[in-house]
C-alpha cells in the first residue's frame, strides 16, 4: 500500500491543501507531511508551520523537515563554482529566473524522500503552466477540487490563518510568498518590501553588496536599465518624495 505524503511550503496553496486533506481523510489518506526548509523563508511561514504542528501531532501524522545539503547562504555566496560563462567564482548568486538552483535541489530532495509514495502537491487550478509537474503518483487536490489561488487564500483566512508581519499580511503586498531573497520578485513586490518590511529589505541590500549581478534588470525611459537593489532604493525614495 502506497504512503501518502503532503508536501507543504506553508503558503496559501499548500496550507489549504493540508487543511482540506485533513478534513477529508477518506478521499485523501495522509501518512506524512513534509516541509523543505531553505532557511530563507519569511517568519510568517514558520509561524503557520508552528501552528499546524499541534494539529498534526493530535492526529498522529508524521511530520518531517528536509534541508539543503549546505547552508543556503554558503551556496549563494561562498561555494566554489566553475562555469563556462563566468569561469571560476564563488557562489551561485541570486536564486530565481533561469538560475533556480535552490528550487532544483528542493524538488530533488522532496522526490527522493517521497519515492514510491503518492505526493500531494499544492498546484492551484489557475496555475496551468505547472500541471506538467504532476507526473507519476503526484496529485494536486487543488486542481481536483477546482481551487484557485484566491480561493485558497480566502479559505485559509476564514479559518484564522494569516501571513502577518510588521502589521501587514504578506499576501496583501506580495504576489507570492516565496523565499524573501527570491529574485523572481517583481518591481511592485520589491517596492512593498522596501516600504513595509524594512528588515527584509536591509537583508537584501546586504546580499547585494556581496553579489555582483543585479537582483533584477528593468528598463525604463526615465531610469534606463537598472536592477541593482541600491539603485532601486534610490528610485523608491525619489518616488516617495
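The values are calculated or read from the model by the stated rules, or taken from the named source; none is laboratory data. Since the model is a prediction, treat every value here as computed from it, not as a measurement. So basically every Cβ, Gly included, is an ideal-geometry build from the backbone, and we count neighbours across all protein chains shown.
Listing for the model above:
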| item | result |
| --- | --- |
| Residue 238, sole failed condition from (1) modelled with pLDDT under 95; (2) surrounded by 13 or more Cβ atoms within 10 Å (Cβ to Cβ) | (2) |
| Subset of region 26-46 (residues that are in a loop (DSSP other than H, G, I, E, B) and more than 21 Å from residue 149 (Cα to Cα)) | 26, 27, 29, 30, 31, 37, 38, 39, 40 |
| Qualifying residue in region 76-97 (condition: under 19 Å from the mean Cα position of the chain (by Cα) and more than 22 Å from residue 208 (Cβ to Cβ)) | no |
| So residue 13, is it closer than 26 Å to residue 185 by Cα, surrounded by 13 or more Cβ atoms within 10 Å (Cβ to Cβ) and not assigned by TED's automatic domain parsing to the domain that holds residue 206 | yes |
| Whichever residue in region 93-105 is closer than 15 Å to residue 176 by Cβ and part of a helix (DSSP H, G or I) and, among such residues, is modelled with the highest pLDDT | 103 |
| Filtered residue count, region 1-25, keeping only those that are farther than 18 Å from residue 137 by Cβ, out of contact with any helix residue (DSSP H, G or I) (no Cβ under 8 Å at 6 or more places or on another chain) and in a helix (DSSP H, G or I) | 1 |
| Residue match in region 72-92 (condition: surrounded by 13 or more Cβ atoms within 10 Å (Cβ to Cβ), modelled with pLDDT under 90, in contact with a helix residue (DSSP H, G or I) (Cβ under 8 Å, 6 or more places away or on another chain) and farther than 25 Å from residue 124 by Cβ) | yes |
| Breaking point among (1) outside the structural domain of residue 72 (by TED's automatic domain parsing); (2) modelled with pLDDT of 95 or more; (3) under 15 Å from the mean Cα position of the chain (by Cα), for residue 185 | (2) |
| Sole residue being touching a helix residue (DSSP H, G or I) at 6+ places or on another chain (Cβ under 8 Å), crowded, with 17+ Cβ neighbours inside 10 Å and not assigned by TED's automatic domain parsing to the domain that holds residue 213, chosen from 45, 121 | 121 |
